[in-house]
Amino acid sequence: MGHGGNVIEELTADHREVDGLFAEMETHAAAENRRRELADQLTMELVRHSVAEEEHLYPAVRRYVDGGDDLADMEIADHSEVERLLKELEACRPGDAQFDTLVAQLKSSVTAHVRDEEDRLFPLLADACPAETLNELGDKVRRAKESAPTRPHPAAPDTPPLNKLLAPGAGMVDRVRDMLTGRGKND
Ligand SMILES: [Fe+2]
């Protein structure tokens, strides 16, 4: 979850982690339980990453990069699409035909996001933003990602925030986001 380096290195390492989860899902085609676990882990990594980018990366892009507002708005729209797919995936079992379709759609959306950031947005930010600020943003992103558990394992539901993550009500995507942003703290 926390990798090290400036904001660009930290978020790029997240991208590689997510690539690895997609690859692992493809190699576990027959093991349904493992695929559900990987889907849950992917959900948490992606929500954590999105929240950290929205809190710290895109405000910096708006501030330092020419045309940054448009770039940031576009990335945030991509996040909404990824979250919509994650919510659909959450309701799906690995044996359902739709599970594979959703994972494929998610992979294509996320891959496009990753290419866009690594090929365009990160180089623009690296050129425009002071190195010291990039380092500080790296620390902020690591802190922003820390609040949610790494994986929702039903074997240990008694300790917070895991019990909250598994509680009935809103879906996991919304609960992870709430935990990370501090929304719904008094539930
Ligand atoms: Fe990203």
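With the largest listed first and rounded to whole Å, the semi-axes of the equivalent ellipsoid of the stretch 7-181 from the Cα gyration tensor are 29, 18, 14. Translational diffusion of the stretch 41-121, estimated by Stokes-Einstein from the Kirkwood radius over alpha carbon pairs at 4 °C in a medium of 1.567 mPa s, is 96 µm² per second. If you look at the Cα atoms of the stretch 32-88, you get an Rg and a Dmax of 14.0, 46 Å. Each 5 Å bin, from zero up to the one with the longest distance, holds this percent of the alpha carbon pairs of the stretch 17-59: 5, 24, 24, 18, 12, 9, 6, 2, 0.
A short reminder: the numbers here are calculations on the coordinates, not readings from a lab. Just so it is clear, the model here is predicted, and its values are computed rather than measured.
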